[in-house]
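For reference, the structure discussed in these notes is given below.
Rule-based calculations on the coordinates, nothing more; no lab input. Only a predicted model underlies this, so the values are computations on that prediction, with no experimental measurement involved. Ideal geometry is used to build each Cβ from the backbone, glycine not excepted, and the neighbour counts take in all protein chains shown.
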Protein chains: 2
Amino acid sequence: MNVINDVGILALSTRLQRLSEQLRKDGALIYEAFGIDFEPKWFPVIFTLHQKGTLSVVEIANEIGYTHPSTISLLKEVEKIGLIKSKKDKSDERKRLILLSPRGQELVNKMQPVWQLIAQVLGEISDNTNNLLKAIDEAEDKIAQQSFLQRALQQKNTTAL
Amino acid sequence: MNVINDVGILALSTRLQRLSEQLRKDGALIYEAFGIDFEPKWFPVIFTLHQKGTLSVVEIANEIGYTHPSTISLLKEVEKIGLIKSKKDKSDERKRLILLSPRGQELVNKMQPVWQLIAQVLGEISDNTNNLLKAIDEAEDKIAQQSFLQRALQQKNTTAL
DNA sequence: CAAAACTACGTAGTTAACTACATATATCCA
DNA sequence: TGGATATATGTAGTTAACTACGTAGTTTTG
């Protein structure tokens, strides 16, 4: 992976993706090592429900930053293994309200110390001269002010490329 | 995206992935805005060939940090639109040697100023109190010393969870 | 020097996200 | 108050990575 590390900023997206995938893969192995039947990709959904209680499909999607179809398929998985349950919202028949099942709650409790350990180790990995998590926050803030595309188009015009 | 931003480090992988995707999407739009028929995902392959000249499939895969099947499918795409060509290695009949076609070379030349602009804008976005690219480098260094999994297992044993 | 092991490439199938579209219900306003 | 618009959910198909496996050529070694 020489070239891609060397071009630096140009391959930023590739680098981000690679690191993300690596962490997720090891994450799966960590749950396994603790004898917990849980996949890292379920974390956003389960943790959000743990924090917020009962939410609709779209509310969950917004919380976790995924599209609603992706969220639906995640919900299907975790519903299939019994971590959540769902019911129609009686005041709005379009909505399906999702919440943790007792088994889901139980699993969350069991995972708490593991999450704590994971958080500690991830903290260790990402806290360096430049803190990775803070760097993400800061970059996302910048993009929120003006997107990557907008910035590029502005440059294009000012430099008359 | 409240909850996932709030849990901080626990959702690191998700955050990395989200940012990566966002950059890639805007990247595609930038090439389009410059009238260049090029997809961000081709960048690692094309740039590597630009830098290194002629390489085999597996060599490219190693350079860009992808598996060789993924690399093959990328190569198929860029070969289809004529940016690269390939030939059998005569000293090792198993190998297929890949290099930029004249048209690929030409496109690279045309893209140089755009890459420069992209690099500048990405630099702007990622250079904050915590520099994102450096933070990635530092985190990957740490992982190279001892993986996320190994660190977690070590913790597990010392804390007798 | 032939069998075993290894390397390079390729294909098939999987996965986890996406976009586009469809349908049902709710809300708004002329 | 009913027709237009908006919202919530769901389905189908796409994409871009992956793993697993197979084949062909190369190298090593008993």
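Quick check on the stretch B:55-149: take the gyration tensor over C-alpha atoms, sort the square-rooted eigenvalues as a ≥ b ≥ c, and tell me if it's rounded (a/c under 1.5), prolate or oblate.
Since a/c reaches 1.5 but b/c is at least a/b, the shape of the stretch B:55-149 is classed as oblate.
Which is farthest toward the positive dipole end of the stretch B:2-101 among B:Leu83, B:Leu19, B:Ala33, measuring Cα position about the Cα centre, with Cβ charges +1 (Lys, Arg) and -1 (Asp, Glu)?
Of B:Leu83, B:Leu19, B:Ala33, it is B:Leu83.
Compute, for chain B, the length of the dipole vector about the Cα centre, with Cβ point charges of +1 (Lys, Arg) and -1 (Asp, Glu) only. Units Debye, rounded to 20.
600
Once both axes come from the Cα atoms, what is the angle between helix A:132-145 and the longest principal axis of chain A, in degrees from 0 to 90, rounded to 10?
70
Enumerate lysine pairs in the stretch B:2-101 that are 8 or more residues apart or on different chains, then count those whose Cα atoms are under 18 Å apart.
Taking the Cα cut-off of 18 Å, the pair count is 14.
Helix A:68-80: angle to the longest alpha-carbon principal axis of chain A, degrees 0 to 90, nearest 10?
Computed tilt is about 40 degrees.
In whole Å, what three semi-axes, largest first, describe the equivalent ellipsoid of the stretch A:2-126 built from its Cα gyration tensor (square root of 5 times each eigenvalue)?
31, 20, 11
Where is the GNM fluctuation largest for chain A (alpha-carbon springs, 10 angstrom cutoff): A:Ile98, A:Ile46, A:Ile136?
A:Ile136
If contacts are Cα pairs under 8 angstrom and at least 6 residues apart, what is the relative contact order of chain A in percent?
Relative contact order comes out at 14 percent.
Which part of the stretch A:126-159 falls in the paramagnetic zone of A:Gln116, meaning amide N under 20 Å from the point 7 Å along Cα-to-beta-carbon?
Once the point is set 7 Å along Cα→Cβ of A:Gln116, nothing inside the stretch A:126-159 turns out to lie under 20 Å by backbone N.
Could you work out, residue by residue across A:137-147, how many beta carbons of other chains sit within 10 Å of that residue's beta carbon, and then give the average as an integer?
Partner-chain Cβ atoms within 10 Å, mean over residues of A:137-147: 6.
Kindly express, to the nearest 10 degrees and within the range 0 to 90, the angle between helix B:43-52's C-alpha long axis and the longest C-alpha principal axis of chain B.
In chain B, helix B:43-52 runs at an angle near 60 degrees to the longest axis.
222 nm [θ] for the protein assembly as shown, helices only, -39500 (n - 2.57) per DSSP H run of 4+, per residue, to 500?
-21500 deg cm²/dmol
How many angstrom lie between the Cα centre of the stretch B:85-117 and the Cα centre of the stretch B:30-62?
8
Starting from the eigenvalues of the Cα gyration tensor, five times each then square-rooted, give me the equivalent ellipsoid semi-axes of the protein assembly as shown, largest first, whole Å.
Whole-Å semi-axes of the equivalent ellipsoid: 38, 24, 20.
Within 10 Å of each Cβ in A:111-118, how many Cβ atoms from other chains are there, averaged over the peptide?
The per-residue average across the peptide is 3.
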